[in-house]
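The values are calculated or read from the model by the stated rules, or taken from the named source; none is laboratory data. No experiment lies behind these values; they were computed from the predicted model shown. Here the Cβ positions follow ideal geometry from the backbone for every residue, glycine too, while neighbour counts run over all protein chains shown.
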Amino acid sequence: MSQFWYFIKKLNNQAKRTQLAIAAVTVLIGILIVTQLRAHQTAAQVLQAATEDDLGKIVSDLNNEVNTLRAETADLRLQLFQIERANHDSSTIMKESSKTLNNLKVIAGLTKVSGPGIKIRLTDRNSLLASNDLVDIITELRGGGAEAISLNGIRIVARTGIMQDKRGIFIDQRQVSSPYEIMAIGSPKMLFDALTINGGVKDKLSSLSGVAFDIAEDNDLRIDSVAFRR
């Protein structure tokens, strides 16, 4: 029997603690509600007590803050646009500079070049061709848009010297002779048309005795860079 009353007493204690906890939470919630209501009431009272001029000033201040925030937002957007524009311009300038540099290297013969173009085989059985004839071919190829040219394996660039004396024809002091193998990288059609125009260099040289002028298109030509001699 004593154990039964002990159990009942224990339940009563737990019930009291639960009730106290519920009461405490209820009080806390009540305090929060009252505080919030008082804040709303205070704001409402301030607005109710405010005169028309005060309300107008409040509205004006709020509008000014909104306009200020809008202006700051617009300024930040403009700054972001300018930064993005500057980055884009810098990237474009770098790409264009790199492209220009690569083109200059190609023109100067400092880099290998590959691509489609034409191959010329010029045979001179009677040794009638002169250095000027080779210069004419190169000039026509350049006029046809050749990106790179080689003659008997020698890269031809703007400063390449082609000359002739009683010993024969020389390119940068290296002697060349028939058959002359000329490669030009560029549009095969444009290069072919530049050489085969009526009355052009091909007609002129092919009319010489013992001279054969053969042209073939090639989609995978490779021309080495200039070989600098020590």
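Odds and ends about this structure:
- Residue under evaluation P116, criteria (1) outside any strand (DSSP E or B); (2) within 23 Å of D218 (Cα to Cα), criterion not met: (1)
- Considering the conditions (1) at negative phi; (2) touching a Ser or Thr at 6+ places or on another chain (Cβ under 9 Å), D172 is excluded by exactly one of them, (1).
- Of the residues in segment 171-189, at least one is in the same structural domain as G115 (by TED's automatic domain parsing), over 22 Å from S127 (Cα atoms), without any contact (Cβ under 8 Å) to a residue 60 or more places away in the chain and within 42 Å of the chain's Cα centre (by Cα).
Matching residues to (1) out of contact with any strand residue (DSSP E or B) (no Cβ under 6 Å at 6 or more places or on another chain); (2) among the basic types (K, R); (3) in a loop (DSSP other than H, G, I, E, B):
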position: Q175; (1), (2), (3): no, no, no
position: I182; (1), (2), (3): no, no, no
position: M190; (1), (2), (3): yes, no, no
position: A194; (1), (2), (3): yes, no, no
position: K202; (1), (2), (3): no, yes, no
position: A212; (1), (2), (3): no, no, no
position: R222; (1), (2), (3): no, yes, no
